[in-house]
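The block underneath contains the structure these notes are about, expressed in structure tokens.
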Amino acid sequence: MKTSKLLLLILCVVQLAVPGYMIYEQNQILSEGKVYKFKTQPIDPYDPFRGRYVTLTYKVNAEPVPSEEDLRRGEWVYALLGKDEAGFAIFTNLVTEKPVSDQNHIKLKVGWGGSEGGYYVEVPFNRYYASEDTAPKIERAVWRRETVDDVYAEIRVLDGKAALKELYVDELPIREFIKKNGVN
């Protein structure tokens, strides 16, 4: 009887520790991670199980990322980060070994491509969750514009992990932009 109570206690502790650690890890990334601005274009899908969210497609994924290694679809790689002349994030190279230097990187999966033309990767921070009312407003706020060059996501990067902090339009957080411009 005592053994089963001990096992139950251990199980309860583990069930609380796992999500607790996940929350702690995301908080660390968001508070201590280096800021990168990723150009993006949002669309507003609906999922009956997850509710409303804004799917983000990134300009950084419009071009294949170079790699000197022969990679396979679904393989985990490290995308080295840099910035373009406008200060937006770019992937400079894909490598299979974790970088040992201070080079910022994100651990990603290879989507598709070939070694000569580079590879496309699966970006893990492609959803911005919003309320039922806000998600369609975000889509309308962006798609009514003549250009989406000033729409970007602030991504925090720490030790190969990344977290989406905020979505911006005209240098304003999206909710502030919607409020200021009266988007309905």
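Observations on the model:
- 3J(HN,Hα) couplings calculated from phi for region 28-40 with the Karplus curve 6.51 cos²θ - 1.76 cosθ + 1.60 (θ = phi - 60°) are, in sequence order, 4, 4, 5, 8, 10, x, 6, 7, 10, 9, 10, 4, 9 Hz; Gly and Pro show x.
- Hull shadow area, averaged, the chain [alpha-carbon convex hull, nm²]: 14.8
- Residues residue 72 and residue 10, FRET efficiency given R0 of 41 Å [Cβ-Cβ distance, rounded to 0.05]: 0.60
- Among residues other than residue 26 with Cβ under 11 Å from its Cβ, the summed charge is +2 (Lys and Arg +1, Asp and Glu -1).
- Count Lys and Arg as plus one, Asp and Glu as minus one, and take only other residues whose Cβ is under 10 Å from that of residue 164; the net charge is then +1.
- Per-residue Karplus couplings for region 158-174, computed as 6.51 cos²θ - 1.76 cosθ + 1.60 with θ equal to phi - 60°, are listed in order as 8, 6, x, 10, 9, 9, 7, 8, 7, 10, 10, 9, 6, 6, 10, x, 4 Hz, Gly and Pro entered as x.
- Kirkwood hydrodynamic radius of region 69-114, Cα pairs, Å: 11.3
- Entry note, the chain: the mean residue ellipticity at 222 nm calculated from DSSP H runs of n ≥ 4, each adding -39500 (n - 2.57), is -9000 deg cm²/dmol after division by the residues and rounding to the nearest 500.
- Range in the chain, longest, excluding exposed trypsin sites (Lys or Arg not before Pro) [loop by DSSP; at most 16 other beta-carbon atoms within 10 Å]: 74-143
Each reported figure results from applying straightforward, stated rules to the coordinates on display, with no laboratory input. Source: prediction; values computed, not measured. Reconstructed Cβ throughout: ideal geometry from the backbone, glycine too, with neighbour counts over all protein chains shown.
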